[in-house]
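Any read-out appearing in this document is the output of simple, stated calculations on the displayed coordinates, not a laboratory observation. Since we're looking at a predicted model, the values are computed, not measured. Neighbour counts are summed over all protein chains in view; Cβ atoms, including those assigned to glycine, are modelled from backbone coordinates with ideal geometry.
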Amino acid sequence: MSRQLDLLITNGLVFDGSGRPGYRADVGVRGDEIVLVGRAGDVPAARTVDAAGKVVCPGFVDIHGHSDYLLLMDPSCDSKITQGITTDVGGNCGLSPGPFSDVWYVDWWVDNPRNFHSVPIAEGRDILREHGLELDWQDLGGFFDRLDGAGLGPNYAGLVGHYVLRSTAYGEPGTQPARPATRDEIGKMKDLVRQAMEQGARGVSCAFHHTDPELDVSQEEFRELGRVVAEYDGIFAFHLRSYTDLLLSSVREAIELADTVGVRTTVSHLMADGKEYWGKLSYALDKIAVARAQGVPIWTDVMLTLQARNYMSGGLLTMMPDAAVAAAGDDWAGYFADGGRVAETAEAIRKGGANRWYKARFNPSSYWPLWDEMLRVIRSPRQPEFEGLMLYDVSRLLGCDSYEAMCHLLRINDGDADTILERSDEGDIVDVLQHPMSMVGTDGSPVLPIRSPRPPNPRLYASYPMLFGHYVRELDALRFEDAVMKSTSIPAQFLGLRDRGELRPGYKADIVVMDAAQVRGHQHLTARPKDYHEYSEGVTHVAVNGQLVVDGGELTANRPGQVLRLR
């Protein structure tokens, strides 16, 4: 061990990802591998990081990400690496950057009213050019090759999405037909899955909610695709058919897929979506626990904020009819000075319908019966006593209904007011975190390329700082070593990464150093990000494949990330 190390991390409290409690040790790296976990003695090193008073653990594996195309526009992925993510798993929720043929599937982040639709491939290329991206590949192999040349901050592992498989197999522009897939179309999808797995995809993901929860996909269709994935020892990321009234039957469907096909399956971002369903997750988790005890290969992952969407939904202006927004301009106090306009606008919201932000069926005021007990006021500078209250409580203080209360908040603050939609319950999040086979994911992506004027969800910058700062340190909901496992070895083993997720000799040197007493994230962001330092604290050093991408809390120029293809 007298040969010089490239990187030596000394004096830290090591949580190695195995579930073992922390212990004092040094971690030595040569090239892209860990070669020492123990006492380094007088072994020389090109670079030494003194981790006294800090924790050293494996790099975090974001099991549920949506970076994909965005990595080509922001390959450093600052929002992820600065919180300790060293491996980013994309292609989730049925969305992936391939394969395509005659049509292209419009992804979630695209600034286009036809998200979650298929468009002719030429139109898809034009849409991406408007975002500064050239669609010069047709399958995941081509996309992975593009990433290889991009200079990535984190590693990337990709799944192939069911929405995209269906879109390509159907070959029809528009929303996916409600009819079930024909045998020929299922055969095409199976061929596409096999091609994607041969090119290095790690498995398949699916989703429903973005287009229509009642999309006619049979369990047998998923089983057919799952059998192909199982041939390659891949995974299936199962977005539930329902996170509301059909939550339990949807969880059972995921369990049955894992059981009958034998494919490792995770229930994607398990949550009870809406206040009337909060507390129901305990029954779903019981089902998963029973299945695990019977040998079913079923896992689940969880998001760590109450707001589900990547860009803060439920903002006051996003709830207003388009006509009111256009007429008011920047003068909401003047617009609502006429009391008749308050009643008129409130009635338009009450009737529901679409605007530029929401499709009709997903408008919060019509989708969730208790929507006004989920909409929290986060800004009201002229009446700050409203901040922190739910809209329903504000309406009672103002002596009006909740629809009118939104208008009054804008009137009182002359438009300088805001709300966010809290779709999850913190008690539910804790319940999922405490399940032995749960994993942590961000459901997030790079932030800078996205054009949304709404603030990003804090978990895009700080899921793991929130895990260790809020859920471990403040709530004492998990032991530190268990939180490390849920972020490292459990997702690495689920994904089939045999040389990542733990600190041990021979493993790849994906490493995080953080101050456990200081690490934290913020609950609410009120503006587009200007500097990542505003959004998480305490992660001081991050190494990807042995190279520091965060050094002393600052980004470096290193871009050592790799595409982790299935081999």
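With the simple model of a label 7 Å out from the Cα in the direction of the Cβ, Val430 to Arg129 spans 5.4 nm.
The stretch 497-513 and the stretch 43-85 have Cα centres lying 12 Å from one another. Ellipticity at 222 nm from helices only: DSSP H runs of n ≥ 4 in the chain, each -39500 (n - 2.57), divided by the residue count, give -8500 deg cm²/dmol.
So what is log10(I(q)/I(0)) for the stretch 441-503 at q = 0.29 1/Å, when the Debye sum runs over its Cα atoms only? Taken in order of the listed q values, log10 I(q)/I(0) reads -1.14. The listed peptides 415-428, 275-288, ordered by packing as a protection proxy, come out as 415-428, 275-288 (highest mean of other Cβ atoms within 10 Å first).
Suppose a student asked you for the relative contact order of the chain, using Cα pairs under 8 Å spaced at least 6 residues apart; what percent would you report?
So the answer I get is 21 percent.
For Trp104, nonlocal amide neighbours, meaning residues 5 or more places apart or on other chains whose placed amide H falls under 5 Å from its own, are Val119, Ile121, Gly124. For the peptides 154-160, 226-232, the ranking by mean Cβ contacts within 10 Å, running from highest to lowest, is 154-160, 226-232.
Relative to the globular-protein estimate of 2.2 N^0.38 Å, the Cα radius of gyration of the stretch 1-84 stands at 1.30. Modelled spin-label separation between Ser218 and Asp245, with each label point placed 7 Å from Cα along the Cα-to-Cβ direction: 2.6 nm. Projecting the Cα atoms of Thr419, Gln195, Ser242 onto the charge dipole of the chain, computed from C-beta unit charges around the Cα centre, puts Gln195 farthest toward the positive end.
Amide H to amide H distances under 5 Å link Val563 with Tyr156, where only residues 5 or more positions off or on other chains count and H is placed in the peptide plane. The separation of the stretch 110-180 from the stretch 230-308, counted between C-alpha centres, amounts to 26 Å. On a per residue basis, the convex hull of the C-alpha atoms belonging to the stretch 315-421 measures out at 83 Å³. When the alpha carbon gyration tensor of the chain is reduced to an equivalent ellipsoid, the three semi-axes, largest first, read 38, 30, 23 Å.
Rounded to the nearest whole Hz, the Karplus-based 3J(HN,Hα) values (6.51 cos²θ - 1.76 cosθ + 1.60, θ = phi - 60°) of the stretch 295-303 follow the sequence x, 6, x, 10, 10, 8, 10, 9, 8, with x at glycine and proline.
State the percent of C-alpha pairs, over all pairs in the stretch 143-294, separated by a distance greater than 19 angstrom.
Beyond 19 Å sits 57 percent of the P(r) for the stretch 143-294.
Computed over the stretch 315-421, relative contact order equals 34 percent, with contacts defined as Cα pairs under 8 Å that lie 6+ residues apart.
Beta bridges from DSSP with both residues in the chain: antiparallel share about 55 percent, rounded to the nearest 5. Couplings for the stretch 486-502, taken from phi via the Karplus curve 6.51 cos²θ - 1.76 cosθ + 1.60 with θ = phi - 60°, read 5, 9, 9, 6, 5, x, 5, 5, 4, 6, x, 8, 7, 10, 9, x, 9 Hz in order; Gly and Pro are left as x. In order along the stretch 246-255, phi translates into HN-Hα couplings of 9, 4, 5, 5, 5, 4, 4, 4, 5, 4 Hz, rounded to whole numbers, per the Karplus curve 6.51 cos²θ - 1.76 cosθ + 1.60 with θ = phi - 60° and x for Gly and Pro.
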